[in-house]
1. Would you be able to say whether some residue in segment 85-92 is within 17 Å of the chain's Cα centre (by Cα), within 22 Å of residue 140 (Cβ to Cβ) and surrounded by 14 or more Cβ atoms within 10 Å (Cβ to Cβ)?
2. Being at pLDDT below 90, in a loop (DSSP other than H, G, I, E, B) and in contact with a helix residue (DSSP H, G or I) (Cβ under 8 Å, 6 or more places away or on another chain) is the filter here, so list the residues in segment 3-30 that pass it.
3. Can you tell which of 110, 175, 142 is at pLDDT 90 or above and buried (at least 17 other Cβ atoms within 10 Å of the Cβ)?
4. For residue 116, are the conditions met, namely being surrounded by fewer than 17 Cβ atoms within 10 Å (Cβ to Cβ) and farther than 21 Å from residue 60 by Cα?
5. Among the residues of segment 31-48, which ones are closer than 25 Å to residue 155 by Cα and touching a Leu at 6+ places or on another chain (Cβ under 7 Å)?
6. Just checking, how many residues over segment 46-98 are within 23 Å of residue 25 (Cα to Cα), assigned to a loop (DSSP other than H, G, I, E, B) and basic (Lys, Arg)?
7. Looking at segment 93-103, which of its residues are of a type in the set (A, V, I, L, M, F, W, C) and open to solvent by 60 Å² or more (accessible area, probe 1.4 Å)?
8. Which residue, of 126, 101, 139, is of a type in the set (Phe, Trp, Tyr), under 30 Å from residue 156 (Cβ atoms) and over 14 Å from the mean Cα position of the chain (by Cα)?
Amino acid sequence: PAVDTLSGADLNLLRKMALFSEEAKVIGLIGGGGPDYSFALGENLARMALKTIVVRCDFLSKFRKEDGPGVLQICTEVVDGMPIRKGKGFDYIFAGGYSPFGTEIIQSALFKQLIASLKAKYDHVFLYFRAPLASAESFAALRLCEKAIVTVSKEQTEELTPFVHWGYDEDRCRLTFITQK
């Protein structure tokens, strides 16, 4: 959550992400193999007095014991209180540990209840996913979001087609891509 202040092209990208996020409560940040902008985006939105939370759904990443409890514990066991942590002007919830069942976790009723409760308290709820774009988890993530920001690196057109279909199926743009150089 401690992020160096960004400038230049990175700051411009954060600004574009913030503009794209307007008028949406739940925004998916589907990172694939790209950089993680989630905390920097939360910090930048705090400069505009927007109340933001980042919910990390990167269940395949390495974890430290102090990164729990988190989403995994909320969705699989009883947790006392909400494990919300404070960043620089924004809040976040860690994934809470490794699980090969990320797809099932984010489709659970408990996860949907978590998102509903956060929507009532925050201007923006960012759901950060790290799974490969061709994975079932990335497709399941779209069902939870009003808009999505997808980082593309070397994916084939066929892997991106489901995102495009989702993004433009309601006569409005609810999808944008970030490309890596």
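The values are calculated or read from the model by the stated rules, or taken from the named source; none is laboratory data. Please read all numbers here as calculations on a predicted model, not as lab measurements. Virtual Cβ from ideal backbone geometry, glycine too; neighbours counted across all protein chains shown. With ligands, DNA and RNA removed, areas are computed over all heavy atoms of the protein, side chains included. Shrake-Rupley method; radii C 1.70, N 1.55, O 1.52, S 1.80 Å.
1. Yes, segment 85-92 contains a residue that is within 17 Å of the chain's Cα centre (by Cα), within 22 Å of residue 140 (Cβ to Cβ) and surrounded by 14 or more Cβ atoms within 10 Å (Cβ to Cβ).
2. Within segment 3-30, 3, 6 meet the criteria.
3. On the way: 110 fails: buried (at least 17 other Cβ atoms within 10 Å of the Cβ); 175 fails: at pLDDT 90 or above.
Just one listed residue meets the conditions, 142.
4. On the way: surrounded by fewer than 17 Cβ atoms within 10 Å (Cβ to Cβ): yes; farther than 21 Å from residue 60 by Cα: yes.
Answer is yes for this residue.
5. Applying the first criterion (closer than 25 Å to residue 155 by Cα) to segment 31-48 yields 31-41.
32, 37, 38, 40, 41, listed by residue number.
6. Total meeting the criteria: 3.
7. Taking segment 93-103 and keeping what is of a type in the set (A, V, I, L, M, F, W, C), we get 93-95, 101.
Answer for segment 93-103, where residues must be of a type in the set (A, V, I, L, M, F, W, C) and open to solvent by 60 Å² or more (accessible area, probe 1.4 Å): just 101.
8. On the way: 126 fails: over 14 Å from the mean Cα position of the chain (by Cα); 139 fails: over 14 Å from the mean Cα position of the chain (by Cα).
Exactly one residue qualifies, and that residue is 101.
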